[in-house]
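Report on the structure given below.
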Amino acid sequence: MVWGQPLKPRSPWLTTPPKRHPRPVLDFRWQPAHGGRHVISQDLLPGDEGHTFCGLDLQVPRQRNTKTEWLWPTCQQCYDTAKTRT
């Protein structure tokens, strides 16, 4: 590079960000409850009472779930139902 000389243009593949597919907006989320990880409606807030996709009644806890609770086994019925909605 010589002082005062214009810079060479960069290759377009270096400046164009990769195209990403938008993430789908889900109307549900995972929630540990009753010894397993279940799917509940996204509309349920902490303290609300509702039910999981497999039909279990629960109250959404106000406190955060522990790391151990997130390791509980996944409810297969909730998983199958959620898979059809994505």
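Values computed for the structure shown
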| item | result |
| --- | --- |
| Burial ranking of peptide ranges 58-64, 40-46 (average Cβ count within 10 Å, highest at the top) | 40-46, 58-64 |
| Given charges at Cβ of Lys, Arg, Asp, Glu: the stretch 27-84 dipole, positive-most of Gly35, Gly47, Gln59 | Gly35 |
| Cα gyration tensor shape for the stretch 27-84, rounded if a/c is under 1.5, else prolate or oblate | oblate |
| Summed side-chain charge close to Trp30 - residues other than Trp30 whose Cβ falls under 12 Å, Lys, Arg +1, Asp, Glu -1 | +1 |
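Read-outs throughout are calculated quantities, based only on the coordinates presented, and are distinct from any laboratory measurement. Because the structure is a prediction, the values reported are computed rather than measured. Here Cβ is always computed from backbone atoms with ideal geometry, including for glycine, and neighbour counts include all displayed protein chains.
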